[in-house]
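For reference, the structure is listed below as structure tokens.
The values are calculated or read from the model by the stated rules, or taken from the named source; none is laboratory data. Remember, predicted model here, so these are calculated numbers, not experimental data. Cβ: placed from backbone, ideal geometry, glycine included. Neighbour counts: every protein chain shown. Quick note on the areas: whole protein, heavy atoms, side chains included, nothing else; ligands and nucleic acids left out. Shrake-Rupley method; radii C 1.70, N 1.55, O 1.52, S 1.80 Å.
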Amino acid sequence: MLFKMIQLTVIDREGHEKELEVAEAENENLMETLKGFDYDMRATCGGLALCADCHCLILKGQDQLSDPQDEELMTLETRPDAQNNSRLACQLKMNYKLDGVLLQLTNYAN
Ligand code: FES
């Protein structure tokens, strides 16, 4: 089976920007992938959309992503710094929809 490659750009919490090339993986989420690239991803809830540690801002490509589910929206509401382009990385599957996306990791809420 041939995996499609996804290219996305990540700005870390120190403001460093890096382009990543990752194979599409439907059973993996963006939080797990970023962890694999050694990004600091605390992810207290383990990817259940409960802790908001994986909060990020989608600076480019927001329209191409799947809409957030209720659990994600409810958790985002707990973040005082949430914006219209806020997402939880653990709720984004590593598929073609992330191709070309530019995102910025935000600081932990506490
Ligand atoms: S890892 Fe907890 S909300 Fe994403």
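Below are the figures for this structure:
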read-out: Given (1) exposed (fewer than 13 other Cβ atoms within 10 Å of the Cβ); (2) in contact with a helix residue (DSSP H, G or I) (Cβ under 9 Å, 6 or more places away or on another chain), index of the condition D81 fails; value: (2)
read-out: Output for the stretch 96-110, where each listed residue is surrounded by fewer than 17 Cβ atoms within 10 Å (Cβ to Cβ) and of a type in the set (S, T, Y); value: Y96, Y108
read-out: Any hit, the stretch 45-61, residues being on the phi > 0 side of the Ramachandran plot, within 10 Å of the ligand (Cβ to nearest atom) and open to solvent by less than 10 Å² (accessible area, probe 1.4 Å); value: yes
read-out: Scan of the stretch 28-44 for residues that are in contact with a strand residue (DSSP E or B) (Cβ under 9 Å, 6 or more places away or on another chain), within 19 Å of G15 (Cβ to Cβ) and near the ligand (Cβ under 10 Å from one of its atoms), ordered by number; value: M41
read-out: Hits in the stretch 71-105 (condition: within 12 Å of the chain's Cα centre (by Cα), of a type in the set (S, T, N, Q) and within 13 Å of the ligand (Cβ to nearest atom)); value: S86, Q91
read-out: Qualifying residues in the stretch 84-95 (those that are out of contact with any helix residue (DSSP H, G or I) (no Cβ under 6 Å at 6 or more places or on another chain) and open to solvent by less than 40 Å² (accessible area, probe 1.4 Å)) - the one farthest from H16 (Cα to Cα); value: N95
read-out: Hey, L65 without any contact (Cβ under 8 Å) to a residue 40 or more places away in the chain, open to solvent by less than 10 Å² (accessible area, probe 1.4 Å), more than 12 Å from the ligand (Cβ to nearest atom) and out of contact with any Cys (no Cβ under 7 Å at 6 or more places or on another chain) or not; value: no
read-out: Matching residues in the stretch 1-42 - criterion: being of a type in the set (D, E) and either under 13 Å from the mean Cα position of the chain (by Cα) or open to solvent by 80 Å² or more (accessible area, probe 1.4 Å) (or both); value: D12, E14, E17, E19, E21, E26, E28, E32, D38, D40
